[in-house]
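Written below as C-alpha cells is the structure these notes are about.
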There are 4 protein chains.
Amino acid sequence: MSLAATVKTVLAEVQACLDRIDDRQVRAFLSAFGKAKRVFVTGQGRSGLVGRAFAKRLMHIGFEAYVAGETTTPAISKGDLLVACSASGATTTTCAHAETARKVGAEVAALTAKPTSRLAKQSHVVVGLETRFLRRNLVSPLGSAQFSTTLFEQACLILLDAACLELMKRRKASTAQMQARHANLE
Amino acid sequence: MSLAATVKTVLAEVQACLDRIDDRQVRAFLSAFGKAKRVFVTGQGRSGLVGRAFAKRLMHIGFEAYVAGETTTPAISKGDLLVACSASGATTTTCAHAETARKVGAEVAALTAKPTSRLAKQSHVVVGLETRFLRRNLVSPLGSAQFSTTLFEQACLILLDAACLELMKRRKASTAQMQARHANLE
Amino acid sequence: MSLAATVKTVLAEVQACLDRIDDRQVRAFLSAFGKAKRVFVTGQGRSGLVGRAFAKRLMHIGFEAYVAGETTTPAISKGDLLVACSASGATTTTCAHAETARKVGAEVAALTAKPTSRLAKQSHVVVGLETRFLRRNLVSPLGSAQFSTTLFEQACLILLDAACLELMKRRKASTAQMQARHANLE
Amino acid sequence: MSLAATVKTVLAEVQACLDRIDDRQVRAFLSAFGKAKRVFVTGQGRSGLVGRAFAKRLMHIGFEAYVAGETTTPAISKGDLLVACSASGATTTTCAHAETARKVGAEVAALTAKPTSRLAKQSHVVVGLETRFLRRNLVSPLGSAQFSTTLFEQACLILLDAACLELMKRRKASTAQMQARHANLE
C-alpha cells in the first residue's frame, strides 16, 4: 500500500468519526464560549498537544486563554471555562483538573471518545468523538487502522479548528486583528 | 452554516492539499528514517505542536526521538535526522536548527508549504504541502477558509500520522511493544 | 531595605536550610544514581523547573535522563530511578508519579520540605529540605521572608547542582564530554 | 570532599557573584517594572528555566506575565517589558527576541554574565552577574568549581527572587492575593 492510500484511509476515518458528531453537543460547546470569562485548556500527551493548538487560536481570536500546567497560567475560578481533551475520558490529571474546575464554579467542556467516561460525567458539556464504531464499519472491518487514540486526536484537531472558524465569526475577529496578536517572539 | 458544514469544508481542504503531495518526496522522506541514528524534530508555534505529536509516535515505534528545545534533548550530530516543520519555510529558529544540523553532518527533512523557501533549500529532503493553490480551486474560490497556516498544520499532522503507519511496518513495531513504551507518568 | 540586603537575607535562608540537611540522606540519594538504568525527574510548578534544571545536567553528565510529561519521555520501568521534587510532599501529580514508579519496580527518591509527607512515605530515599524551622530561628524571627515554597526551590536547586558535581566525579565525566552533549538546537 | 563541603563552595560562589552586583543596575531593573504594561520573559536552556520561575512569581504578584514560546503568549508590543536571561549574552534566540522587542517599542532588560555582549548592547537595562572574576579570587583559584554557566543560573534565580520581594512591596501584593492566583490546575 502506497502512502497516498494510507493517507486516504486516515482521512476516511477522520471523516467517518466527524460525521457522527451530535450537532446539539457542538452547539452547546460553542455556547459555552459566549459566557466564559477566560478559557483554560487541559489534556495529556497528544490530546494535550491538540488542546494547545486550540488554545493558541483562541488567544488569536481574542479570548483570554491558558494552558493548564504552563508557567504563568493563573488559578481557574468561577465564570471560567475548562476545555478538557481525553480520548479515554479517564486520564488521571485531566479528570483532576475537571474536578477542581467544577469545585470553584467553572464550566467544564469535555471532548472524549467515551461519552460515558468519568470525565464526561464531570462535565457540563460533552462532545463525543466516538471512534469505536469503526470496529464494525466499512472503512476498516478491523476498526481504525491507526495506533491507540490517534484517530481521536486527529478528529479533535479538525473539530476544534472548525469551531475556531465559528468563534471567529461570533467574536467578529478579523484576520488583521488575529495576525496582530500572533506571537512575535518565537 | 452549521458546524457540520464547516467541518466538511475543512476536511475537503485537507484532502485537496494531501492529494497534491508528490509521492517521490514522501518516499525520500520515509527512506531518511531507515538511515537515521536518532531523530530530532523542530518547529515553532502550532507546527511545533504537530512536530511533537510526531516525535511522540516515533518514540512509541522504537526510534530514539527528541524535540528541539525540550529539557534533556542532547546535541544533534552526524548520522542523525532533523525533521523540520514550517509552513513559510522561513521561521528564524527552525532555519537556524536546519543550518546547525547540516553543519554537524545530520540529514535534514523539511515539511513546508513553500518548496522554494530558505528551509527547503537547506534540506536534503523536502515534502511540499502546498495550500496556496486553494486560492483558485473549487474547494473555495477564495482559497482556504481557515486562518493563516491552519491548513498546513492539519495536513502535516495527517501526513505524519500516515507516515507512522508505514514506519511501524518497516520497523515491525507491534502494538504491544508500542503500548509498553507509552508514557506511564502523565 | 536595599536589594543587596534582601539578597543577603535570601542567601542566609538558603544557607540555613542546607546546613540542616542530613548527610546520610544525601549519601543514599547519590547512591541511587549508581544503580539506576535511567533517571526520570518529576515536579510541578517551580519545583518542576528546578527538577528540569537537574535533568538537563544529568543528561550532560551522561545519564539517560527524562522529564515526566515531556514529549518523548518513555514509560518508566524496573531498574529506573524517579527523582521527585515537592515542597509539600502532597502534590497530586507528583505523588501519582511516585506511586506508578513504585508499582513498576523503579526506585523513588524524594526531595521535600516535609519528611513525613505522603510523597516521603512513598519513596525509597528521602532528602529533607526543611524550611519551617526558620519560623523560630535567628535568620528571621518571623520565618522565611519569602513567598510560599520559594526557599525550598532555591535550596533544592543548589543541593542538586552540588550533587551534579559529585556525580560528575563518580562518572568521570569530563567538561569536554559534557560540552559535547550540550544541546546545539536551542 | 563531602557533599556538605561542596554545597558550601557553591553557596560561597553564589554569594561572591551577588556581592559584586551594581546597585544602580538593580534599581534601574526594578524601575522598569513600574512602567511596564506587560512583562515577557525569555531565555534558553537553564537560563530559560530560571526565567520561567521568575515569570511565575510575577504572575502571582499581579503582573500580566508571559514566557516567550509558550502556547498562548501574545505578541509583545510598545509599553511592554522583555526580561532576557543569557549568561553569554550571545544566545541566538534570546538576542533575536531582544531585537524584536526593541523594534516594536518594548523595553529590554538583560541579565547576563557578559555586560559587553550583544544582548547587553541591545538592552535598555543591564544587570551584570559576572562570574569570571572567580578565576582569580579566593573562593576557587581555578574559578567556579561548577560546570559551564551553572553559577550564573543560580545567582540569577536568587537575584530575581530577591527582586520579587521588592516588587511585592511596591505592588502591595499580599500573600493571600498571591496564593489566590497560584495555579490550581497542576
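The values are calculated or read from the model by the stated rules, or taken from the named source; none is laboratory data. All figures in this text were calculated on a predicted structure; none of them were measured in a lab. Quick reminder, even Gly has a Cβ in these numbers, built from the backbone with ideal geometry, and neighbours come from all protein chains shown.
Annotations
- In the condition set (1) in contact with an Asp or Glu (Cβ under 9 Å, 6 or more places away or on another chain); (2) modelled with pLDDT under 95; (3) under 20 Å from A:V26 (Cβ atoms), A:F133 is compliant with all but (1).
- Going through (1) more than 14 Å from the chain's Cα centre (by Cα); (2) over 30 Å from D:K169 (Cβ atoms); (3) at pLDDT 95 or above one by one, C:T92 falls short only on (3).
- Within the stretch D:53-110, tally of residues that are aromatic (F, W, Y), buried (at least 24 other Cβ atoms within 10 Å of the Cβ) and out of contact with any Ser or Thr (no Cβ under 7 Å at 6 or more places or on another chain): 1
- Residues satisfying the stated conditions in the stretch C:34-58, i.e. without any contact (Cβ under 8 Å) to a residue 60 or more places away in the chain, in contact with a strand residue (DSSP E or B) (Cβ under 7 Å, 6 or more places away or on another chain) and of a type in the set (S, T, N, Q): C:T42
- Filtered residues of the stretch A:1-24 (kept if more than 7 Å from chain B (Cβ to nearest Cβ), more than 22 Å from the chain's Cα centre (by Cα) and either more than 18 Å from A:F147 (Cβ to Cβ) or part of a helix (DSSP H, G or I) (or both)): A:A5, A:K8, A:T9
- B:A75 being modelled with pLDDT of 95 or more, over 19 Å from B:S47 (Cα atoms) and touching an Asp or Glu at 6+ places or on another chain (Cβ under 7 Å): no
- Residue list for the stretch C:165-186, filter: over 14 Å from D:L49 (Cβ atoms) and within 14 Å of chain B (Cβ to nearest Cβ): C:A173, C:A176, C:Q177, C:M178, C:Q179, C:A180, C:R181, C:H182, C:N184, C:L185
- Condition met for B:E70 (acidic (D, E), over 14 Å from the mean Cα position of the chain (by Cα) and part of a loop (DSSP other than H, G, I, E, B)): yes
- B:A5 satisfies every condition listed in (1) small (G, A, S); (2) closer than 17 Å to B:V127 by Cβ; (3) surrounded by fewer than 14 Cβ atoms within 10 Å (Cβ to Cβ) except (2).
- A:K78 falls short on exactly one of the conditions (1) assigned to a helix (DSSP H, G or I); (2) more than 7 Å from every other protein chain (Cβ to nearest Cβ), and that condition is (1).
- Considering D:A162, D:A120, D:A98, D:A106, the condition of being touching a strand residue (DSSP E or B) at 6+ places or on another chain (Cβ under 9 Å), under 24 Å from C:R52 (Cβ atoms) and of a type outside the set (F, W, Y) is satisfied by D:A98 alone.
- Filtering the stretch C:41-62 to residues that are within 9 Å of another protein chain (Cβ to nearest Cβ) and in a loop (DSSP other than H, G, I, E, B) leaves only C:Q44.
- Subset tally (residues that are within 16 Å of A:C95 (Cα to Cα) and in contact with a helix residue (DSSP H, G or I) (Cβ under 7 Å, 6 or more places away or on another chain)) for the stretch A:27-44: 4
- Subset of the stretch D:59-72 (residues that are in contact (Cβ under 8 Å) with a residue 12 or more places away in the chain, more than 10 Å from A:T71 (Cβ to Cβ) and not small (G, A, S)): D:H60, D:I61, D:F63, D:E64
- Selection within the stretch A:26-37 - more than 10 Å from chain B (Cβ to nearest Cβ) and surrounded by fewer than 17 Cβ atoms within 10 Å (Cβ to Cβ): A:A28, A:S31, A:G34, A:K35, A:K37
- Qualifying residue in the stretch C:152-162 (condition: charged (D, E, K, R) and either surrounded by fewer than 24 Cβ atoms within 10 Å (Cβ to Cβ) or facing chain B (nearest Cβ under 10 Å) (or both)): no
- Test: residue in the stretch A:2-14 that is within 30 Å of D:V67 (Cβ to Cβ) and among the aliphatic types (A, V, I, L, M): no
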